[in-house]
Amino acid sequence: MNSKPICRRTFLKKSMGWGLGLASAASLSGAYSRWIEPNWIDMTDVEVKITNLPRSFDQFRIVHFSDLHLGVHSDSEHLIALMEQIQRLKPDLICFTGDLLDHSTSYIAEAVSLLSRLQAPYGQYAVLGNHDAFGNRRSVTRGLSQAGFHVLHNEHVPLTKGSDSLYIAGIDDPWVGKPNIDQALLHIPQDACTILLAHEPDFADEYSRLPIDLQLSGHSHGGQVQIPFIGPLYTPPYGSKYSQGLYQIPDSRLQVYTTRGIGTSRMPIRFHCRPELTVITLKR
């Protein structure tokens, strides 16, 4: 039995309904990606087991954040709330892994005002990202220092609890900066526990031969836009292999944690890829 042919008027009405429905869905999705998800910060708790972690540093808590990208698309109100959230967590250590600004240095004063709210018993440490190195190096380094962060340029600092030491090393941006990993690790004992701050995560493959236990990175933004069951549509150079989360480098003691970051770059949108604040608990 043949179904009744659809008349032209009915077809046009249905087509218009489908079109309006698709347009509404696209509009809602666009509004969500632009105005809601970029400000909807996901707090991720991660336990990282390190075999040679000194006993005194068992349960040591690190707040790790990255990629603020302060600029025309950043939201001061939400960032102030983020700083307050970090302080409420009462971490032992705070680490920032680069890209303070998007491009313009005119947001340095805002950056200093925001980051000055942060304080941890074992200090606040930072490294520069690729955006920071694009003509902003001096301004960003000065601003981070004014805000109470120790900017690690191919150097390390020992953290001491009793007779135990944990080393925090930092490298200049591995992609566009002047990195020197050997200098950053110089004089750290071979069997010591070392955490490396490096903006781009994928350089971990090069560092896997070295006595580093954990690398903290950002840069990738997790892709900013992810399609369910497919993954990110785009990740930047040196942020594709280890794009988000915790990884164990094969045949190495090195683990890498890549945060999805706080801000956005290129386009001020996120979809299925919320900004991330990470609380890392070290365990023996």
| request: Arrange the following residues from fewest to most other Cβ atoms within 10 Å of their Cβ: Lys283, Lys49. | output: Lys49, Lys283
| Spatially close lysines, pair count over the chain: Cα under 21 Å, gap of eight or more or interchain | 8
| query | With contacts defined as alpha carbon pairs under 8 Å and 6 or more residues apart, what's the relative contact order of the stretch 40-283 in percent? | reply | 26 percent
| field | Rg in Å to one decimal, and Dmax rounded to a whole Å, for the stretch 85-144 via C-alpha atoms | value | 11.9, 34
| Value of relative contact order over the stretch 56-185, rounded to a whole percent, pairs C-alpha under 8 Å and six or more apart | 22 percent
| query | Where in the stretch 208-226 does the amide nitrogen come within less than 14 Å of the point 7 Å from the Cα of Asp251, taken along Cα to Cβ? | reply | 208-210
| Choice from Ile188, Ile262, Ile227 with maximal GNM fluctuation in the chain (Cα, 10 Å cutoff) | Ile227
| query | Comparing His153, His272, His199, which has the greatest mean-square fluctuation in the GNM of the chain with Cα pairs linked when under 10 Å apart? | reply | His272
| Kirkwood Rh over Cα pairs of the stretch 148-284 into Stokes-Einstein at 10 °C, 1.306 mPa s: D in µm²/s? | 101 µm²/s
| request: With the Cα gyration tensor of the stretch 40-283 in hand, convert its eigenvalues to equivalent ellipsoid semi-axes via √(5λ) and list them largest first in whole Å. | output: 25, 20, 18
| message | Please report the spacing between the Cα centers of the stretch 200-270 and the stretch 35-50 in Å, no decimals. | response | 14 Å
| message | Ranking request for peptides 204-216, 88-100, 240-252: highest mean number of other beta-carbon atoms within 10 Å first, then the rest in descending order. | response | 88-100, 204-216, 240-252
| Highest-first arrangement of 159-165, 61-67, 219-225, where packing means the average Cβ count within 10 Å | 219-225, 61-67, 159-165
| note | Rounded to one decimal in nm, the spacing of the 7 Å Cα→Cβ label points at Asp75 and Ser113 is 1.8 nm
| DSSP-defined antiparallel bridges as percent of all bridges, the stretch 40-283, nearest 5 | 35 percent
| query | Does anyone have the angle between helix 137-146 and the longest principal axis of the chain? Alpha-carbon axes, 0 to 90°, nearest 10? | reply | 70 degrees
| task | Using packing as a proxy for protection, rank 131-144, 35-48 so that the peptide with the highest average count of other Cβ atoms within 10 Å comes first. | result | 131-144, 35-48
| task | Would you mind getting me the FRET efficiency between Asn52 and Leu233? Use the beta-carbon distance for r and R0 = 30 Å, nearest 0.05. | result | 0.15
| query | Cα convex hull of the stretch 145-209: mean projected area in nm², to one decimal? | reply | 5.3 nm²
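To the nearest 20 debye, what is the magnitude of the charge dipole of the chain about its Cα centre, counting +1 on the Cβ of each Lys and Arg and -1 on the Cβ of each Asp and Glu?
About 1380 debye.
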| Folded to 0 to 90 degrees: helix 76-89 orientation relative to the chain principal axis, Cα | 50 degrees
| If R0 is 22 Å, what FRET efficiency do you get for Asp191 and Lys161 from their C-beta distance, rounded to 0.05? | 0.80
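Computed from the coordinates by the stated procedures, all read-outs in this text should not be read as laboratory data. Since we're looking at a predicted model, the values are computed, not measured. For neighbour counting, all protein chains shown are included, and Cβ atoms are generated from backbone atoms with ideal geometry for every residue, glycine included.
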